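The values are calculated or read from the model by the stated rules, or taken from the named source; none is laboratory data. Predicted model, so just to flag it, every value in this text is computed and none were measured. So basically every Cβ, Gly included, is an ideal-geometry build from the backbone, and we count neighbours across all protein chains shown.
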Amino acid sequence: MNNDVRNFHGMLVVFVLGLVVWVGFLFVNACGFTLTCNRGKFPVERTPIPTLPPATLPVVETGNDVAVASDQCHVPAVDLIGAWVTAGASETEAFQFTDLDNKNCETTFEEVQPLFLEANRWYSGSLSCVSCHSVDLAVSPAQLDLSSYTGLVAGSRRANAESSGTDILGAGNWESSLLYEFLTMDHPDIPGHAEAFSDLVIFAGKPVATVELTATPIPTTAVTSTP
């Protein structure tokens with residue numbers, strides 16, 4: 001009886017030791033020699049979220065490096081100046097023009113003036129108009145000041161800053177004006193004016209909302225015969 005008990009205890013000890021060794025083998029194989037067992041965790045699969053560009057950013061037109069808003073009108077720069085001149089060349093009042101998409105558009109002199117003030121505006125490498133035609137009439141070619149609205153309407157060949165000279169805007173007749181003639185002709189002999197100014201197309205102004213008129217039906221009156 002005692003031998004049977006001893007044999008049973010011996011087999012139980014061997015079984016337990018074997019079980020511990022087996023479990024230890026499995027643990028080391030799965031987790032390594034660490035109690036954290038990070039290798040035993042299932043990998044987390046993550047779907048990368050693409051980075052979307054903001055939808056409100058303006059589009060950049062590479063031809064003329066002009067930042068474009070989707071609701072602006074597309075018009076040749078010379079035509080924009082012409083529309084301003086034809087409308088009376090006001091400094092503050094809005095004027096209308098027709099863009100390349102045949103839309104009726106509206107803007108002010110505020111969008112015309114940068115064409116005279118900014119370099120690289122008409123084409124890459126072009127000088128600004130005011131780099132030569134500045135407020136200093138003593139050195140300005142043709143005594144013409146294009147740095148301000150006052151200088152534009154005062155004209156060229158001025159005796160001094162207080163006087164007026166030759167009207168370069170053609171008295172409102174754009175295509176017969178000196179400014180139109182200069183902008184639409186080639187001037188290879190003048191530095192910074194080697195390319196045609198008439199090629200520039202810009203975004204300016206906004207479409208003018210049109211009101212559709214609908215005919216109002218005239219009510220009819222029933223006519224009854226007199227007995």
Taking the stretch 146-164 as the search range and keeping residues that are in contact with a strand residue (DSSP E or B) (Cβ under 9 Å, 6 or more places away or on another chain), surrounded by 17 or more Cβ atoms within 10 Å (Cβ to Cβ) and not hydroxyl-bearing (Ser, Thr, Tyr), which one is nearest to residue 198 (Cα to Cα)?
155
Pairs under 6 Å by beta carbon, first residue of a type in the set (D, E, K, R) and modelled with pLDDT of 95 or more in the stretch 77-99, partner surrounded by fewer than 20 Cβ atoms within 10 Å (Cβ to Cβ) and not in a helix (DSSP H, G or I), six or more apart or different chains?
99/74
Every residue from the stretch 119-143 that is farther than 21 Å from residue 199 by Cβ, surrounded by fewer than 17 Cβ atoms within 10 Å (Cβ to Cβ) and of a type outside the set (A, V, I, L, M)
136, 141
Single residue of 146, 115, 152 found to be touching a helix residue (DSSP H, G or I) at 6+ places or on another chain (Cβ under 7 Å), closer than 15 Å to residue 182 by Cβ and in a helix (DSSP H, G or I)
115
Restricting attention to the stretch 129-169, which residues are of a type in the set (S, T, N, Q) and within 15 Å of residue 115 (Cα to Cα)?
131, 134, 147, 148
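Residue-wise test of (1) among the acidic types (Asp, Glu); (2) modelled with pLDDT of 95 or more; (3) outside the structural domain of residue 90 (by TED's automatic domain parsing).
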| position | (1), (2), (3) |
| --- | --- |
| 113 | no, yes, no |
| 125 | no, no, no |
| 150 | no, yes, no |
| 153 | no, yes, no |
| 167 | yes, yes, no |
| 214 | no, no, yes |
| 221 | no, no, yes |
Against the definition (in the same structural domain as residue 79 (by TED's automatic domain parsing), assigned to a helix (DSSP H, G or I) and of a type outside the set (S, T, N, Q)), how does residue 162 come out, yes or no?
no
